[in-house]
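Taking it in order: structure first as structure tokens, then the write-up.
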Amino acid sequence: MLSLRPGASPVDDAAIVYSGRRILDAGPRRTVLRGFAGPVADCGDAVLVPGLVNAHSHLELAHLRGRAPAPAGFAAWAAWLIGQDLTPPPDAVLDAAVAEMAATGTAAVIDVGSRAGPAVAAALDRAGLAALVCHEAFGWKPGRKNPVPEALAVAAPADGPVRAAASGHALYSTSPENLRRARDACRDRRAPFCLHLAEHDAEAELLATGGGPLAALLAGRVLPRNYAPPGRSPVAEADALGLLGPDTLAVHVVCADAADRRLLAASGASVCLCPRSNARIGVGVADAPALLAAGVPLCLGTDSLASNNDLDLWNEVRALLAAFPDFPAPAVLAALTTTPARLLGRTRLGCLAPGSEVGFAVLPPDLRERLTGS
Ligand SMILES: [Zn+2]
């Protein structure tokens, strides 16, 4: 068992006592099970880790599973998405997507959307997952006064396992004022502020020059006619707007150079890597080792079923390790557990210890040697 508690060593022949997803005790079997009278399930020769945190998903797109077009860049993918039926999926589809997450070890989720927040929160709650469900600010029109809709705030109360927050879509799609308002709402709620950032070259080109394929797609539709490109990289622009800080989760960060990585590290912002979504859309590969070397805390997310085949976070690990075979195992495990838990401000996520609220996951056999060395 890897408890991932600070300073803790792996425990051989371990046992976990749990009720629902709450861990009541964890440690050596002979001590944990002493006097225990409940049912015991033997996991056999397995490595147990804390339940995983999927740091970026859009469950409201779960009905688009299997429909994503062939990789052709972000503008082409976005044009495809705009043409889809974006009516919120029925509860049965949401339940199936959440069940897939739970069955593959995910115990907590940071989900982003704008059309189905209360239904998504309810589905996560029904399955017993912990979550932050974020209402995404989008567009240049003055945003809603309260960035977190009342219905979502009611469905995801601040003291429950499923909580609500706001988020920002992206620098190219949403006004600085709306992004700042969402960021401020997150601070009020002590929640991280999620922002898609530096996902693709088209974003970098639009911010640098005002042109490119994304400008052609968004002009007159999302982008204001008087849009003035800042002439900076996406990361530099986010920094200039005051959107980066220790409570920021920048999602993707595929297009970043050394100066951008230094800015991110200096701000304390975390980055959520979504390697399979990036591959499916065809935007390139985030330089995870360089981000890690720069000191940027990393998380992992599946992104949505509109740009991924499934919601199995272990498959994100496989994709990351396929791209970067030498990426260190402790950094992978931290990205799945302790780093997003810290970002969420929920110390009872991310480790296997009495009082932990995320249950446990079993390390898949094919990843066992790579992630534990045993
Ligand atoms: Zn996303």
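The values are calculated or read from the model by the stated rules, or taken from the named source; none is laboratory data. This structure is a prediction, so every number in the text was calculated from the model and none was measured. Backbone-built Cβ (ideal geometry, glycine too); neighbour counts: all protein chains shown. Remember, those area values only see protein heavy atoms, side chains included, never the ligands or the DNA or RNA. Shrake-Rupley method; radii C 1.70, N 1.55, O 1.52, S 1.80 Å.
Here is the short version for the chain: 43, 134, 186, 194, 255, 274, 351 have no other Cys C-beta closer than 4.7 Å. Taking Cα centroids, how far is the stretch 208-264 from the stretch 322-364 in Å? Each part reduced to its Cα centre gives a spacing of 29 Å.
Counting 0.36 nm for each residue step from residue 87 to residue 43 and taking away their Cα separation leaves a gain of 11.7 nm. Considering only 34, 21, 180, give the residue with the highest GNM mean-square fluctuation for the chain, with springs between Cα atoms whenever their separation is below 10 Å. Among 34, 21, 180, the largest GNM mean-square fluctuation belongs to 34. Here the stretch 8-66 and the stretch 281-306 have alpha carbon centers that stand 26 Å from each other. Label separation (residue 347 vs residue 5): 1.3 nm, computed from points 7 Å beyond Cα along the C-beta direction. Taken over the chain, the percentage of Cα pairs per 20 Å bin, counting from 0 up to the bin with the maximum distance, is 30, 58, 11, 0. A simple spin-label model places the labels of residue 126 and residue 293 4.7 nm from each other, with each point 7 Å out along Cα-to-Cβ. The gain in end-to-end length when the residue 372 to residue 309 segment is fully stretched comes to 20.0 nm, 0.36 nm per residue minus the alpha carbon separation.
Say we join alpha carbon atoms closer than 10 Å with springs in a Gaussian network model of the chain; which of 342, 221, 65 then has the biggest fluctuation? Top of the fluctuation ranking is 221. When only alpha carbons are used to place a centre, the stretch 73-114 and the stretch 143-192 end up 19 Å from one another.
Principal-axis analysis of the Cα atoms of the chain puts helix 313-323 at an angle of about 70° to the longest axis. If you run the Gaussian network model on the chain, springs between alpha carbon atoms under 10 Å, then out of 19, 114, 57 the most flexible one is 19.
Note that the stretch 52-347 presents 36 Å² accessible area per residue, ligands and nucleic acids not counted, probe 1.4 Å. Taking only protein heavy atoms and a 1.4 Å probe, the accessible area of the chain is 53% carbon and sulfur. Rg and Dmax of the stretch 266-312, both derived from C-alpha coordinates alone, stand at 11.7, 35 Å.
With both labels modelled 7 Å from their Cα along Cα-to-Cβ, the residue 150 to residue 262 distance reads 4.9 nm. Dipole orientation for the stretch 52-347: of the candidates 78, 191, 54, 191 has the Cα lying most toward the positive pole (charges on Cβ; Lys, Arg +1; Asp, Glu -1).
For a Förster distance of 56 Å, can you work out the FRET efficiency between the beta-carbons of residue 228 and residue 36, rounded to the nearest 0.05? Result of the calculation: an efficiency of 0.25. The slack between residue 140 and residue 184, meaning 0.36 nm per residue of separation minus the straight C-alpha distance, is 14.1 nm.
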